[in-house]
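Read through the structure below, which is laid out as C-alpha cells, and then see the notes.
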Amino acid sequence: MKLLQMRLKNLNSFKSEVHLNFEGEPLNDATLLAITGPTGSGKTTLLDALCVALYNKTPRLGGKGNKSSVNLLRQGSNEGFSEVLFEANGKRYLCEWIVKRNKKGDFTQSAKLIYADTEKLITDRLTPRKDAEELEDMSVEGAVTKILGLDFSAFN
C-alpha cells in the first residue's frame, strides 16, 4: 500500500479541512515520515483518520458507546469526515468515512470505497452480505482487508 493523499475535517482537534498530499514535494520522495508536535496538536487524530477511513474503526475507538469511532467528531460539529487515497496492486482506491449528528444528537456514519481513477463505487456497506466473496458484497473494511491483505489488527 502506498498512501497518496489524506483529507479530514472536524475530527477531534482539526476544525478546518486538512489535506495532506504525499504525492507532492517534499513528501513524495520521503522514505520515512515522522508526525511530531505538542500534546493536543492532532498527531493521534491523523492516525485515527487513516484507520477510520480504511477500516471504520481506530485502535483507541474500535467499539460501541464511548468507544465508537463516531466520537472522533469534534465537539460542537454536526458533520466530519476522513478520506484516504491509496495505491495497492497497481490500482488507486479512495476510502471515505463520514459521521453526522442529527438534530436529536444521534450519530450516523457512512463509508465508501471507490476505484479512484474511474470513480466507480466498489462498496458502501458498513456490514457485509452473508457469505460475501465479491468486493461489492463486502463491507468497506472487508474489501480493504482483501485488497491490502491486511486486516485491521495486522494494519495496526
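The values are calculated or read from the model by the stated rules, or taken from the named source; none is laboratory data. Here the structure is a predicted model, which is why all the values come from computation and not from measurement. Backbone-built Cβ (ideal geometry, glycine too); neighbour counts: all protein chains shown. Heavy atoms of the whole protein, side chains included, go into the accessibility calculation; ligands, DNA and RNA do not. Shrake-Rupley method; radii C 1.70, N 1.55, O 1.52, S 1.80 Å.
Helical runs assigned H by DSSP (4 residues or longer) give the chain a calculated mean residue ellipticity at 222 nm of -4500 deg cm²/dmol, each run adding -39500 (n - 2.57) before division by the residue total. Pairs spanning more than 18 Å between alpha-carbon atoms, out of 91/146; 2/43; 43/91; 9/100; 9/43; 2/91: 2/43; 43/91.
Here the average projected area of the convex hull drawn through the C-alpha atoms of segment 2-58 stands at 4.3 nm².
Along the chain, the exposed loop sites are GluC sites (Glu not before Pro) outside DSSP states H, G, I, E and B with at most 15 other Cβ atoms within 10 Å, and the longest stretch free of them is 24-118. When every Cα-Cα distance of segment 100-154 is counted in 10 angstrom steps from zero, the calculated P(r) takes the values 24, 43, 25, 9 percent. Normalised by the number of residues in the chain, the average gap of Cα pairs under 8 Å and 6 or more apart makes the relative contact order 19 percent. Calculation over all alpha carbon pairs of segment 17-107 in 10 angstrom steps from 0 returns a P(r) of 14, 42, 33, 10, 1 percent.
Nonpolar atom fraction for the chain, defined as the carbon and sulfur part of the 1.4 Å probe accessible area, stands at 47 percent.
Normalised by residue number, the volume inside the convex hull of the Cα atoms of segment 64-156 is 127 Å³ per residue.
For the chain, the fraction of alpha-carbon pairs lying more than 28 Å apart is 18 percent, rounded to a whole number. For the chain, excluding the exposed loop sites themselves (trypsin sites (Lys or Arg not before Pro), DSSP loop, at most 11 other Cβ atoms within 10 Å), the longest remaining stretch covers 1-63. Using a probe of 1.4 angstrom and keeping all protein chains present, the accessible surface of segment 7-156 works out to 60 square angstrom per residue.
Residue by residue, segment 108-115 carries 3J(HN,Hα) couplings of 10, 10, 9, 8, 8, 10, 10, 6 Hz when phi is fed to the Karplus relation 6.51 cos²θ - 1.76 cosθ + 1.60 (θ = phi - 60°); x denotes Gly or Pro.
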